[in-house]
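Only the coordinates and a few stated rules stand behind these numbers; no lab work does. Owing to the predicted nature of the structure, the values given are computational and were not obtained by experimental measurement. All Cβ positions, glycine included, derive from the backbone under ideal geometry; neighbour counts span all protein chains shown.
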Amino acid sequence: MMTRMRGGRAIAIAILLLVAVAVPPARAYLGRGIDFMPIEVETVSRYNEDRIAYQQIQTAPNLGRDDSVASLLVIKDRKMYLLRDGFDDPRVVRTQQVLLEKESAIVGDVWVNKINGKPDYIRITDRRIEVMKNFSEDFVAQQFGAFYTSVRNAFLKKHVQVFRQLMTNRAESGLVVERVPLPKPIYVGAPDEPTKYATYVIGKTIDEKIYYAIDADGDGVTETFTVNIPDGFHWGYKSGPNIILILNNTDEEVKGIIGKLAHEAYYGTPDEEKSIIQTFPKDSDIIQEFNLDAAVKASDSGK
């Protein structure tokens, strides 16, 4: 069983230091959802700076909002490139919904297109003037699929690396970790199962980026990961984290990138374990520093 690590070396890069007193409590995410709006190029607040944003939503079926869609936004040289995976045209969905209601049929999940790793939507604008639009998976995946996957993965890995550095140097960074027991069934005959714990982790860098990692169901896998910076960039009122929002991830490739974050934040990373083992004091040094050998000698001489 791993031991929870709390040590850490001095952080190598000053920009990764946390201002512990300024970190909002992780419990801020307890018991409530995360506000978000789908990324749309029309509502992006500004395009005169190069940046990337990634949004991935996977929720229970929702009649009013797409329940499985990922969006990658790249802004470069005042051009906006927006790619989606799992796109459903809202107009088609609403029409299908109305037809089912008129036929008194049971309305199930009308958002039929799910995330499958193949982007099926692209819009490109130059200073907000649209220069390309295509919603065909065959075309978009063939032309831009490799770009979408490689940029997304590299972008996520970059921020996961920052988050792990905050964990590794938690003694200096002040990373906040909260572990909350999940309710157990209390009906007669309920199985006596081990208690599971939800884990909520929050960190803040000196340049004001706020990181959240959440394992909400206690299975040891991080399914929600967000990164936000309050610099005024957004795509609408309460549009949510403006760098990364991964909500209820079920994608295996993304799981391989973020899946261990909450677990490592609570139990410690391999780098933390290695550091503690390497810096663990020698018993001879402790005995000498606290003058324990004298007490041992006195005790032995008294026998």
- Item | Under-5 Å amide H pairs with Lys196, H placed in peptide plane, nonlocal only | Leu182
- Query: Say the cut-off is 29 Å between C-alpha atoms; which of Lys157/Lys274; Lys209/Lys255; Lys133/Lys209; Lys118/Lys158 go over it?
  - Reply: Lys133/Lys209
- Item | Using a Förster distance of 45 Å, the FRET efficiency for Ser45-Lys274 (Cβ separation, nearest 0.05) | 0.55
- Note on the structure: For the range 249-256, Karplus-derived ³J(HN,Hα) couplings (6.51, -1.76, 1.60; θ = phi - 60°; whole Hz; x for glycine and proline) come out as 4, 10, 6, 5, 5, 5, 4, x
- Task: Please order Lys157, Lys118 by the number of other Cβ within 10 Å, starting at the fewest.
- Result: Lys157, Lys118
- Have a look at Thr195, Leu175, Ile277 and report the one farthest towards the positive end of the charge dipole of the range 156-303, computed about the Cα centre with Cβ charges (Lys/Arg +1, Asp/Glu -1). Leu175
- Query: Using a cut-off of 19 Å between alpha-carbon atoms, which aspartates and glutamates can reach Lys76, once sequence neighbours fewer than 8 places away in the same chain are excluded?
  - Reply: Glu40, Glu42, Glu49, Asp50, Asp126, Glu130, Asp231
- Could you tell me the distance between the Cα centroids of the range 50-98 and the range 218-267, to the nearest Å? 16
- Neighbour-count ranking for Tyr267, Tyr148 (other C-beta within 10 angstrom, fewest to most) reads Tyr267, Tyr148
- Query: Taking the convex hull of the alpha carbon atoms in the range 14-268, what volume per residue do you get, in Å³?
  - Reply: 156
- Task: In whole Hz, with x marking every Gly and Pro, tabulate ³J(HN,Hα) for the range 77-90 from phi via Karplus 6.51 cos²θ - 1.76 cosθ + 1.60, θ = phi - 60°.
- Result: 6, 6, 9, 10, 10, 10, 10, 10, 10, x, 6, 10, 5, x
- Under 5 Å between amide H atoms, partner at least 5 residues away or on a different chain: which partners does Thr250 have, H built in plane at 1.01 Å? none
- Query: How far is it, in nm, from the label point at Arg65 to the one at Asp89 when both lie 7 Å from their Cα along the line to the Cβ?
  - Reply: 2.4
- Query: If amide H atoms are built 1.01 Å from N in the plane of the peptide, which residues on other chains or at least 5 residues away come under 5 Å of the amide H of Asn134?
  - Reply: Ile122
- Note on the structure: Here the Kirkwood hydrodynamic radius of the range 172-243, Cα-based and in Å, equals 14.7
- Item | the range 151-167 - phi-based ³J(HN,Hα) in whole Hz, Karplus 6.51/-1.76/1.60, Gly and Pro as x | 5, 4, 5, 5, 5, 5, 5, 4, 6, 5, 4, 4, 4, 5, 5, 5, 5
- Could you list log10 I(q)/I(0) for the range 66-211 at q = 0.11, 0.12, 0.15 Å⁻¹, which the Debye formula gives when each Cα is one point scatterer? -0.75, -0.84, -0.99
